[in-house]
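Engineer: What follows is a single structure, and I will ask about it in a moment.
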Amino acid sequence: MVPFIKKMFSLIRKLVLWLFLRIALLSVILFSTVVAYFFFQIPSMEDLLDARDRGSVTLVDKNEDVFAWRGKQFEGSLRSETVSPLLRKAIIAVEDRGFYRHFGISPRGILGAIRINIKEGRGPLQGHGGSTITQQVAKLLCLLQYKNKNETECRKPTLARKLMEIPFSLAMEFKYSKAEILSIYLNRVYLGAGSYGFEAASQRYFNKSAREVNLAEAAMLAGLLKAPSRFAPTNNLAQATERASLVLGLMEKEGHITYKERLLAEASPAELSNEASEQVGGYFVNWIMGSAPKELSSATSEDVIIRTTFDPKIQWMVEKSTRKIFEDFVKTGSKAEIAVVVMSKDGLVRAMLGGRDFSGGAGKFNRAVQALRQPGSAFKPFVYAAALDQGYSPNAVFVDEPIEVEVSGSKTYKPKNYTEDYIGPVTLNEALGKSINTVAVKLATEVGIERIRAIAKDFGIRSSIAKGPAVALGASEVNLLELTAAYAGFLASGQRVNPIGWIDLRIRGDDEVLMSVDRSDEMQVIDDHAGGALLYMLRNVVETGTGMRARIPGWDLAGKTGTSQSLKDAWFIGFNAEFICGVWMGNDDNTSLEGVTGGGLPAELWSKIMTELVKDSTPIALPYMTPQEYEQFAIYKDSDSERTTNSTSNQSLLKALFNTLFGD
C-alpha cells in the first residue's frame, strides 16, 4: 500500500501543479489583456489635462484687473518639466516619495494604508489610500468610465475599483513617461476655490504662475492635496499655513531642502495676493453672473473673461462707510439690513452691497437686486416728473389739506401726511421738499395714474406698479438697483439710463469680443426742460427739505427720501453731477425699523459714501433749471385745455408768457 499511496500523492501533486500553472498562465493572459485594453483605450496625454465638465468665468474691473472668479478655473499650459522644481519636490514628498522608482503601484503602501485604516476604526479602503501618484491619476480619470456612468459613483473606494486601478496604472506606465503622468496630475487635481490644477490654483491664490512660486508658496499648494476645500487659504489662511509647515518638514526629511531653508520658509509663510485676500464685490459678481447670457457665463463650456464696470476702490468706500454707520448708530444685536448701489451718471454700476455680510458669496441673498420693497416717498419724483412734463410749474400752488379719493371697487382712499399735520397752500417745489403726501396724491389724480405708471416704466422700473392713487406714495414694490437707475435718468434731465454692470465678454486667450452689452435703449422720457426743473426740485429736497442730513458743504446735491408704511423701509436715493447712490435699510422679515426714516440713517450713510467719493474732486453744479427759467419753456398740450386745480392763476400766467414769447 505504501508505494500506491506515494504514487497517488505524486499524481495529486502533479495535478495541482498543472492546475496552478495553467490558472497562473490564464491569469497572466487575462491580466495582460486588461492592461492592453486600457493601454489602447487611454488617449494621448494632452487630451487628459482638462478634467472639467464646464468652463470658468474670470471677471475684471474697470481697470482691467482681475477681482473675481466663478466656475471651474483651469490653465492647461503647465507641465512637469516647466513647473517650479520646488513645487514638484513638495508634491513628490507629500504624495509619493517613490514615484520615480516604482512601476505604477506600491503594494507596501497599499497594505500599510489598510493597516492604518483598520487600526483607526475605519473600513480597509476608507481614509488612507496608500496610492501612488499613478494610481491617483487612475482615480482622477475614473478609469475612463465616467463617460458611461456617474463620475462620483465610479470614484467610490470599492474593492473592485481598487483592483482595477492596478492594470490601469500599469497601462499608464507603459503608455506615458513619468513626466507625462505627473503632468496629468498637475493639471487635473482639484485645489480649492474652484481651481483645477496647480497653475490655476497658483494664479488664484498668489496671482503668479506655478512656474514661479517660492518654497513657502509651493508648500502651501502641495498641502492642499490632502483636503483642498478645508486647507484652501481663502477659507482659512492660518490653517493653510500650518499645513504648509508639515509639508516643509516632509521635504526636509526627504532631503529636498535643508534645515535652514525650512526655517526661512516657515518664518516667511506664503501670503495671498490682494485679489485673493480682498474678495470684494461678491454681490456685484452674483448680479453679473445672473444678468449676463447664461450660455456665455454660468453655463459656459469655455473659459470666459467678462469685462465689468466694477470699481473696487468705490466698493471699499461703500463698505467702510456702512460699517461705520452700523457701529455708531445701530444697536448691537439689531437685524436691520442694508443695500447700496453706486453708479456713474451714464449708468455704469461701480459698486454694490446686498447686505451686512460684505463677502456676498455665491448663493447670498442680494437685497440690492432681489429684494422688492415699497419705496414710499422715494417714488414721488415720478409723479412730479409727469406733472412737469405736462406743463405744471414748480411754483404751481396746491393746498395741503385732508382729502378723500374715490377708488372704483374699493374703499375711499384717505392719505395722511407723515406728521399728520396740514399746512395749507404750498408750491409743488415745497411739497416735494417736505414730502407732503396729500399734494402728491392730488397731483397724481390730476396728471393721471396711468401716465405716472408709464413714465416710471420708461425710466426703468421693471417691477409691477400699482394702479390706484396710493401709487403716488410708493405703494408698489421695487428693487434698489432699478430705482437708483431711474434717478440716474433724473440726473440726465429726463433721459432713461439703463444700469450696466458688464461691458463685453471674450474667450480667454482671444482678443476678439464675443458679445457686448447693448447700450442703444436710451430714450427721452420727459422733456429735457421738465427734467431740468425736476432736478431743481430734487436739489431743494437736500437743501431745505427732508434730505438735509445728506448735505455736503460746497457740493451741489439732489435726491429724495423715502419711508414706507409702518417704517418698514427707509430709503435715500441721490446724486451729484457724476455719481448716483441709492441706499435702502429694512428688516428681512418686513418688521418695522426702530425710529429710522429715509431722512435719517440712509441719508447719513449716503452723505458718508458721497463724501468719500468726492474727496479729491472739484464741485460741479447740477444742470438744473429754475422755476423762472422753466416757465419760459412751459409745455402746453392744448392751449384751450382747462385744469381744475388750485393753481389756475399761475398756469394762466404761464400761458400768457408763452403766447407773448412764441405766439399762439
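The values are calculated or read from the model by the stated rules, or taken from the named source; none is laboratory data. Every value quoted in this text rests on a predicted model; they were computed, and no experiment measured them. In this analysis, Cβ positions are derived from the backbone assuming ideal geometry, glycine residues included, and neighbour counts consider all displayed protein chains.
Engineer: Give just the number: which of (1) in the same structural domain as Gly98 (by TED's automatic domain parsing); (2) in contact with a strand residue (DSSP E or B) (Cβ under 9 Å, 6 or more places away or on another chain); (3) charged (D, E, K, R) does Glu252 not satisfy?
Structural biologist: Single failed check for Glu252: (2).
Engineer: What pairs come out if I take residues in region 507-526 that are among the hydrophobic types (A, V, I, L, M, F, W, C) and pair them with residues that are part of a loop (DSSP other than H, G, I, E, B) and modelled with pLDDT under 90 whose C-beta lies under 8 Å away, six or more apart or interchain?
Structural biologist: Once the first residue is among the hydrophobic types (A, V, I, L, M, F, W, C) and sits in region 507-526, its partners that are part of a loop (DSSP other than H, G, I, E, B) and modelled with pLDDT under 90 give Ile507/Glu302; Ile507/Asp303; Ile507/Leu514; Met515/Pro293.
Engineer: For residues that are closer than 27 Å to Trp606 by Cα and either surrounded by fewer than 23 Cβ atoms within 10 Å (Cβ to Cβ) or of a type outside the set (A, V, I, L, M, F, W, C) (or both), scanning just region 290-313, find the one that is modelled with the lowest pLDDT.
Structural biologist: Looking at the filtered set, the residue picked out is Ser291.
Engineer: If you don't mind, there's one more thing I want to ask. Within region 261-280, is even one residue modelled with pLDDT under 95, buried (at least 21 other Cβ atoms within 10 Å of the Cβ) and closer than 15 Å to Phe310 by Cβ?
Structural biologist: yes
Engineer: Out of all the residues in region 51-72, is one or more exposed (fewer than 10 other Cβ atoms within 10 Å of the Cβ) and not in a helix (DSSP H, G or I)?
Structural biologist: Narrowing region 51-72 to residues exposed (fewer than 10 other Cβ atoms within 10 Å of the Cβ): 53, 64.
Right, trim to not in a helix (DSSP H, G or I) and you get 53, 64.
Yes, because at least one residue in region 51-72 is exposed (fewer than 10 other Cβ atoms within 10 Å of the Cβ) and not in a helix (DSSP H, G or I).
Engineer: Yes or no: region 353-370 includes at least one residue that is of a type outside the set (Lys, Arg), at pLDDT 95 or above and not assigned by TED's automatic domain parsing to the domain that holds Lys568.
Structural biologist: No, the conditions are met nowhere in region 353-370.
Engineer: Which is of a type in the set (Lys, Arg), closer than 26 Å to Trp584 by Cα and at pLDDT below 95, of Lys411, Lys434, Lys416?
Structural biologist: Just a single option satisfies the conditions, and that option is Lys416.
Engineer: Separate question: So Ser195 ticks every box in (1) under 23 Å from Lys89 (Cα atoms); (2) modelled with pLDDT of 90 or more but one. Which box is left unticked?
Structural biologist: Looking at each condition in turn, Ser195 falls short on (2).
Engineer: Hey, can you tell me all the residues within region 244-257 that are touching a helix residue (DSSP H, G or I) at 6+ places or on another chain (Cβ under 7 Å) and outside any helix (DSSP H, G or I)?
Structural biologist: Within region 244-257, Glu254, His256, Ile257 qualify.
Engineer: OK, next. Where in region 421-517 are there helices (runs of 4 or more DSSP H), lying fully within it, with 2 or more residues that are assigned by TED's automatic domain parsing to the domain that holds Gly599 and out of contact with any helix residue (DSSP H, G or I) (no Cβ under 8 Å at 6 or more places or on another chain)?
Structural biologist: Per the criteria, 437-447, 449-458, 480-491.
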